[in-house]
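The values are calculated or read from the model by the stated rules, or taken from the named source; none is laboratory data. Please read these numbers as outputs of a predicted model, since none were measured by experiment. Please note: Cβ atoms are built from the backbone with ideal geometry, for glycine as well, and neighbour counts cover all protein chains shown.
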Amino acid sequence: MRSFPKKESRRLHSAVRIPNSALFGLRTLCGETENRESEDSTMGIARFACIVAVISFGYALAGAQSGTQAPQDCSEMPALKQRLTGAETRLADWPQLARYREANTKITAPARNEDRVVFMGDSITDGWGRQDPSQFFPGKPYVNRGISGQTTPQMLIRFRPDVIALNPKVVVILAGTNDIAGNTGPSTPALIQDNLSSMAELARSHGIRVVLASLLPVSDYGHNREGKPINQTTRRPPAQIIALNDWLKKYTTAGGMTYLDYFSAMVDEKGMLKQELSDDGLHPNAKGYAVMTPLAEQAIGASLKKKP
C-alpha cells in the first residue's frame, strides 16, 4: 500500500479541514472504537471502505477550499450545518425509537373490553389527524404510531415498543412506499416482503390481529409550495406499487389476516392517485383521509371477528 511522503502528508493535513460535526458523523458511520486489538476480515473491509469515504470527503472539502475561498459566513453554511446535525441525529437513532418513547409510557393497559388498535406506518399514517385530531377516529381507542419518511426495516426495529408493548387487539400496517423510493437505501421486493412478514409474525405471536394495508397510488398532479409540479411516479413507479399490493393481498389471504384495500378506492382511470384526494400526489389531504377512514374501520371490524 502506497504511503505519502511526510511533506505531502503535512500538506494534505493542512489542506483538508473536516468540520468536527461531519467528522463525528463519519466516525459514527465507520463504527470507530478505540483499543480494538483485532478485527475479522469483514470488519477490516468495512473499516477500509470508511477510511476511503473519509479521505474522499476530505478531498472534496480541500477542493472547495482551494483557489478562491468562499467567505466564512456564506449563505449556504447554515443549511449545511443543519443537514449535518440532522445526519448525526439520524445516525444516533436510525429507527427513531425516541419519537414515541415518552408517549408510550403514558399509555396504560387496555380496559377489559377495549378494542385498542395501533396504526403503524410512515408519513401517510403520521399525518392522519395531526393537524385536525377529528380526522383520526375520534372517540376510538386508536393509537397513531406513524413516522414520516420511514421504511419497513425502521418500522420492524421499533415494532416491539411502538406496537406490541401497547397491547392492542389489532395492528394496521401501512408501509412500503418509501422502500420503493429508496429512502433508506436501495431495496428489493423480497426485502420489503420479508420485513412486512416479520412484523405480521411478531404481532400474531403476541395475540395481535393483523391488518395489512395496500400502498396508495401516486400521481404527478401535485404541486409544491411554489406552485411547481411534483413528479412522484419516477421514485415510486406505479407498476412496483401494484406488484407489492398484489403480494400483500395474496399473503394476507393465505395467512387468514385482513387486507385493507385503499388503492382501489383512490386510483383514477389513468392509474394515478385521484387529483382531488392529494395536494402533492403522495400524501392524502382531508378528502383523501375521508375516503380512507371508513375503509380502515371496515377492515378493523373484520379483523376483530378473526382469531389472532
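Leu304 - would you say it is at pLDDT 95 or above and under 21 Å from Ser123 (Cβ atoms)?
Details: at pLDDT 95 or above: yes; under 21 Å from Ser123 (Cβ atoms): no.
Taking the combined requirement at face value, the residue does not satisfy it.
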Exercise. Mind checking which pairs have a first residue in region 138-158 that is farther than 18 Å from Gly185 by Cβ and a second that is among the small types (Gly, Ala, Ser) and surrounded by fewer than 22 Cβ atoms within 10 Å (Cβ to Cβ), Cβ under 7 Å, 6 or more apart or different chains?
Worked result: Asn144/Gly129; Gly146/Ser123
Exercise. Which one of Pro141, Pro133, Pro95 is under 17 Å from Ile173 (Cα atoms), modelled with pLDDT under 95 and not hydroxyl-bearing (Ser, Thr, Tyr)?
Worked result: Pro95
Problem set entry | Members of region 227-242 found to be within 20 Å of the chain's Cα centre (by Cα) and in a helix (DSSP H, G or I), listed by number | Pro238, Gln240, Ile241, Ile242
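Given Lys274, Lys305, which one is in contact with an Asp or Glu (Cβ under 6 Å, 6 or more places away or on another chain) and farther than 24 Å from Gln193 by Cα? Please lay out each step first, then the result.
Working: Lys305 fails: in contact with an Asp or Glu (Cβ under 6 Å, 6 or more places away or on another chain).
So the residue among Lys274, Lys305 that is in contact with an Asp or Glu (Cβ under 6 Å, 6 or more places away or on another chain) and farther than 24 Å from Gln193 by Cα is Lys274.
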For this session: Go through (1) crowded, with 16+ Cβ neighbours inside 10 Å; (2) under 24 Å from the mean Cα position of the chain (by Cα); (3) not in a loop (DSSP other than H, G, I, E, B) and name the single condition Asp280 misses.
Result: (3)
Problem set entry | All positions within region 217-226 that are surrounded by fewer than 17 Cβ atoms within 10 Å (Cβ to Cβ), assigned to a loop (DSSP other than H, G, I, E, B) and at pLDDT below 95 | Asn224, Arg225, Glu226
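Restricting region 98-115 to residues that are among the hydrophobic types (A, V, I, L, M, F, W, C) and either free of Cβ contacts under 8 Å to residues at least 40 places away in the same chain or not assigned by TED's automatic domain parsing to the domain that holds Arg160 (or both), which is nearest to Glu297 (Cα to Cα)?
Initial filter on region 98-115 (among the hydrophobic types (A, V, I, L, M, F, W, C)): 98, 103, 107, 109, 111.
Then drop every residue that is not either free of Cβ contacts under 8 Å to residues at least 40 places away in the same chain or not assigned by TED's automatic domain parsing to the domain that holds Arg160 (or both), which leaves 98, 103, 111.
On the way: Ala98: 29, Ala103: 24, Ala111: 20 Å.
If we take residues in region 98-115 being among the hydrophobic types (A, V, I, L, M, F, W, C) and either free of Cβ contacts under 8 Å to residues at least 40 places away in the same chain or not assigned by TED's automatic domain parsing to the domain that holds Arg160 (or both), then Ala111 is nearest to Glu297 (Cα to Cα).
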